[in-house]
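Chemist: Can you read through this structure? Questions will come right after.
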Ligand SMILES: *Cc1c(COP(=O)(O)O)cnc(C)c1O
């Protein structure tokens, strides 16, 4: 078996679809399933594997370069994949964690990832063509993968996730940061189905523009609810912390506060508001990301 087949064989795909019936107000009016992409792999986080899958399966780069913060789920998933596939990876990390490495950075070091710490100004150049060309040349004709793994090819893997859902559904909910995950979902919906994104950062209009760049204007019903970022990206007010702790005690699976916590917080509120028509079949995408909460 080659390295790629071996890595693919270690994935739990298709991911399971789990009935979810919390004792929340309004939950008995609808039917909810959680698409457990958090279970795809114990190390590679759900939607980050989905976004990388097509690129890793169809290209054989000499080397790779990508970008992220010190807790990045994307660098974590890519770092593990690069180690398993034997493709050298350079991680351009925003900030300097050399004195006190995060658990994510420690994992990257264990996987022989070359880490380059950069300041904010340099990090801002992560999409500037001249800078990327320099990086590519410096690192052995490397394949450059954008922050979050979010590029057009990422939509293939997200689309496969939607295709795995064989039951009829009306709406699918997912957290939104760079927008590629929601875009990949929207691409695969029929015209009677809806995608509802939950913005995890302050980004009214901005998040919509990120999603739109990946999809055609014809794409059907989708929207992003901006009421649940709870202060901004990775901001965790104490109510959210408590919500996650209580959720994790009561439920059979775990959420973290940056993505899935805000998603389920939003779900609870939307049910209370009777946002979904009675009898709706709702899919909630658990995108994983539990490593980031360490
Ligand atoms: C990156 C990430 C998201 C956001 O996905 P985008 O495609 O960037 O919108 C959601 N959940 C988790 C766990 C993530 O790591």
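Chemist: Report the residue, chosen from 48, 57, 268, that carries the largest GNM mean-square fluctuation when the chain is represented by alpha-carbon nodes joined by springs under 10 Å.
Modeler: 57
Chemist: Report the relative contact order of the range 39-158, percent, no decimals, based on alpha-carbon pairs under 8 angstrom and at least 6 residues apart.
Modeler: 37
Chemist: Which angle between 0 and 90 degrees, to the nearest 10, do you get for helix 73-85 versus the longest principal axis of the chain when only C-alpha atoms count?
Modeler: 50
Chemist: Another question about this same structure. Over the range 145-294, how many percent of alpha carbon pairs lie in each 5 Å bin up to the one with the longest distance?
Modeler: Computed distribution, short to long bins: 2, 9, 19, 22, 22, 16, 8, 2, 0.
Chemist: Students often check this: by mean Cβ neighbours within 10 Å, which of 105-118, 153-166, 131-144 ranks highest, and how do the rest follow?
Modeler: 153-166, 105-118, 131-144
Chemist: Considering every pair of different Cα atoms, what Kirkwood radius, in Å, is found for the range 247-294? Walk me through the numbers on the way to the answer.
Modeler: Values: mean 1/r = 0.0838 Å⁻¹.
Hydrodynamic radius (Kirkwood, Cα only) of the range 247-294 equals 11.9 Å.
Chemist: Also: Taking every eigenvalue of the Cα gyration tensor of the range 138-193, multiplying by 5 and rooting it, what semi-axes result, largest first, whole Å?
Modeler: Computed over the range 138-193, the values are 29, 11, 8 Å.
Chemist: Now for a different question. Give me the distance between the Cα centres of the range 69-138 and the range 220-240, rounded to whole Å.
Modeler: 27
Chemist: What is the gain in length, in nm to one decimal, between residue 132 and residue 216 on full extension, counting 0.36 nm per residue of separation less the C-alpha to C-alpha distance?
Modeler: Full-extension gain reported as 27.5 nm.
Chemist: For the chain, calculate the relative contact order in percent as a whole number, restricting contacts to Cα pairs under 8 Å that are 6 or more residues apart.
Modeler: 23
Chemist: So what's the Cα pair-distance distribution over the range 9-101, bin width 5 Å, in %?
Modeler: Whole-percent P(r) values from 0 Å outward: 3, 11, 18, 18, 14, 11, 9, 7, 5, 3, 0.
Chemist: Here's something else I'd like to know. Between 234, 266, 81, where does the largest GNM mean-square fluctuation fall for the chain, given springs only between Cα atoms within less than 10 Å?
Modeler: Taking springs between Cα atoms under 10 Å, the residue moving most is 234.
Chemist: By how many nm would the segment from residue 245 to residue 122 lengthen if fully extended, with 0.36 nm per residue of separation less the alpha-carbon distance?
Modeler: Full extension of this stretch gives 40.6 nm more.
Chemist: Evaluate Rg over Rh across the range 90-158, taking Cα atoms for both radii and Kirkwood's formula for Rh.
Modeler: Radius of gyration relative to Kirkwood radius: 0.98.
Chemist: What do you get when you divide the Cα radius of gyration of the range 205-294 by 2.2 N^0.38 Å, with N the number of residues?
Modeler: 1.21
Chemist: Taking one equal scatterer on every alpha-carbon of the range 155-220, how large is log10 of I(q)/I(0) by Debye at q = 0.15, 0.16, 0.18 1/Å?
Modeler: -0.43, -0.49, -0.62
Chemist: Given the C-alpha centroids of the range 250-294 and the range 1-64, what is the distance between them in whole angstrom?
Modeler: Using only Cα atoms, the two centres lie 16 Å from each other.
Chemist: Could you tell me what % of all Cα pairs in the range 28-176 have separations over 21 Å?
Modeler: Working: 5191 of 11026 pairs.
Counting every Cα pair in the range 28-176, those more than 21 Å apart make up 47 percent.
Chemist: Any chance you could get the radius of gyration and Dmax over the Cα atoms of the range 104-219, in Å?
Modeler: Looking at the range 104-219, its Cα Rg and Dmax stand at 17.3, 49 Å.
Chemist: Taking every pair of alpha-carbon atoms in the chain, what share in percent sits in each 5 Å bin, from 0 to the bin with the longest distance?
Modeler: The calculated distribution, bin by bin, is 1, 5, 12, 16, 19, 17, 13, 9, 5, 2, 1, 0.
Every read-out reported here was derived from the displayed coordinates using simple, explicitly stated rules and does not represent laboratory data. These numbers were taken from a predicted model, which means no experiment stands behind them. Neighbour counts run over all protein chains shown; Cβ positions are idealised from the backbone, glycine included.
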